[in-house]
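Please see the structure below; I have some questions.
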Amino acid sequence: MPASDDAPAPAVRPTLLSVALVFAAISSTSFGGGQKASIRQQVVKQGWMDKDAFLEGLELAQVLPGPNILNLAIFCGQRARGVPGAIAAFLGASIPPLLIVLIAGALYFKYSENPFVRGGLRGCAVGALGLTVANALELSWDERNDWIKLVLLALTAVVVSLFKMPLLLVLVVFGGIGIMHEYLRARREAASP
Amino acid sequence: MHTALHLLWTFGQLSVLGFGGGKGIIPQMHRDAVENYRWVTSAQFTQFYTIGKLVPGPTTIFAALIGYAAMPKTPLIGATVATVGMFVPSSAIMMAADVAWDRFANSPWRPILARGLAPAIVGLVWSSVLTIARGTPAGILPYAVTAVVALLTLRTKLSAPVLIVASGVVGIIALR
């Protein structure tokens, strides 16, 4: 069943099983940025959709809440096979990581008292902290040309860390100010070409 | 049963608020899972987050481990409920949005929304750094490893799992 009757039929109509398997393979073997390229290769090369549709989906996946890869998988599944395709993509993209993390969890609860495992986990945690620091630095660098955004960013970090401001309120207040700031800037730019 | 509903409600809210790929939800998740419900300790929270970064798939899959720990008698149910809470609401929004997308695609609001939310998300990521740090060992060596990993991430193409495993080896030797 297509997503809607007026949508152009995709050139290739994959089976629901193959939709699930494609995303199962990608989600259980690759990490981070590499996944977007893998998905693009699969869906565009196999003719489920064209490049423009894929890029549109990628943008939507990044704007909306939720993991980008999971959102992108759902988009591709839905464009290829409608709602059942989206569900197949969701299951394919989420079940293998869940099984892998459950195996890791079972091992964790069995062996985390062992001093070597404990030392290893502490070391890994320190490494994961380093990755998060790098991510924060990189994302902050992207905002460097706008001092208002840097102030907003710093204020958010302070009120969340020190005053435990709830996430919803953070998004409404600081997200709201950020969106207003962007809106006013877009309007200024439109007024002075 | 009670715990299952709490898991579903807690992660369901985080799912809907998970803008920026879910990068900003860590501080709130810590507040819910560690401080309010006491499902896990701060050290466990950080280690589960680490496992989430180490395995393929979205980092926030580590919600499953919090669910696992929250329901010790039926850990698989806890893990499944937490995962459903974490992933189903945002996925449902994605599915619904694709239907409405045609109107949103050319809307001038789309880049305004994405760019406008960014500072708050980045601030939340800095707060996540402090949240995760609460569960890591203190000392000159751990701080040095954190700094080196951050530097290598920014300056080289080394992948996240490689850097985490290398840090783990340092930990086996020096952080027992």
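Quick one: net charge around A:Tyr111, please, counting Lys, Arg +1 and Asp, Glu -1 for every other residue with C-beta under 15 Å from its C-beta.
Taking every Cβ under 15 Å from that of A:Tyr111, the sum is +3.
Now a separate question. By per-residue mean of other Cβ atoms within 10 Å, what is the highest-first order of A:179-191, B:40-52, B:148-160, B:112-124?
Those peptides, ordered most packed to least, come out B:112-124, B:40-52, B:148-160, A:179-191.
If R0 is 25 Å, what FRET efficiency do you get for B:Arg155 and B:Arg134 from their C-beta distance, rounded to 0.05?
E between B:Arg155 and B:Arg134, to the nearest 0.05, is 0.40.
Lys and Arg at +1, Asp and Glu at -1: add these up for the other residues within a Cβ distance under 15 Å of B:Ser167 and post the number. Don't jump to the answer; show the numbers that get you there.
Working: positive: A:Arg118, A:Arg122, B:Lys53, B:Arg176; negative: none.
The answer is +4.
Oh, and also: Can you list, bin by bin at 5 Å, the percent of alpha carbon pairs in the stretch A:16-109, starting at 0?
Going from the shortest bin to the longest, the percentages are 3, 15, 26, 26, 17, 7, 4, 2, 1, 0.
The stretch A:19-49 to the stretch A:88-136: how many Å between their Cα centroids?
23 Å
Just name one of B:Ala70, B:Ala96, B:Pro58: the one whose Cα is farthest towards the positive end of the charge dipole of chain B (beta-carbon charges, Lys/Arg +1, Asp/Glu -1).
Checking the options against the dipole of chain B, the answer is B:Pro58.
Principal axis lengths of the stretch B:1-121 from Cα atoms, whole Å, largest first?
Principal extents (Cα only, largest first): 50, 27, 27 Å.
With a 10 Å cut-off between alpha carbons and a GNM built on chain A, which of A:Leu107, A:Leu171, A:Leu131 moves the most?
A:Leu171
Can you give the three extents of the C-alpha atoms in chain A along their principal axes, from longest to shortest, in whole Å?
That gives 65, 51, 26 Å along the principal axes, largest extent first.
Other chains near A:164-170: what is the mean number of their Cβ atoms within 10 Å of each residue's Cβ? Please list the in-between numbers first.
Working: counts 6, 3, 5, 15, 4, 0, 9.
Average neighbour count from other chains, rounded to a whole number: 6.
Can you give the mean number of other chain Cβ atoms that lie within 10 Å of the Cβ atoms in peptide B:148-157?
Details: counts 3, 9, 11, 4, 4, 9, 6, 1, 0, 0.
The shielding value for this peptide is 5.
Another question, if that's okay. Return the Cα extents of the stretch A:143-193 along principal axes one, two and three, sorted largest first, each rounded to a whole Å.
42, 21, 9
Measure out, as a whole number of angstrom, how far apart the alpha-carbon centroids of the stretch B:103-174 and the stretch B:29-83 sit.
That distance is 19 Å.
Continuing with the same structure: If R0 is 22 Å, what FRET efficiency do you get for A:Leu107 and B:Ile173 from their C-beta distance, rounded to 0.05?
Calculated value: 0.60.
Right, something else. Once the cut-off is 17 Å, how many percent of the Cα-Cα pairs in the stretch B:137-176 end up in the long-distance tail?
Details: 196 of 780 pairs.
That tail contains 25 percent of the Cα-Cα pairs.
Ok, one more. Within the set of other residues whose C-beta is less than 14 Å from the C-beta of A:Val19, count the net charge using Lys and Arg as +1 and Asp and Glu as -1.
Around A:Val19, the charge tally is +3.
Run down the lysines and flag those whose C-alpha is under 21 Å from the C-alpha of B:Lys73, throwing out any fewer than 8 positions away in its chain.
Once the sequence-local lysines are set aside, what remains near B:Lys73 is A:Lys110.
State log₁₀ I(q)/I(0) for the protein assembly as shown at q = 0.10, 0.14 Å⁻¹ as given by the Debye formula over alpha-carbon point scatterers of equal weight, solvent excluded.
-0.63, -1.23
The numbers here are math on the coordinates, done by the rules we state, and not lab data. What you see is a predicted model, and the numbers here were worked out from it, not measured in a lab. Cβ sites come from the backbone with ideal geometry, for glycine too, and all protein chains shown count toward neighbours.
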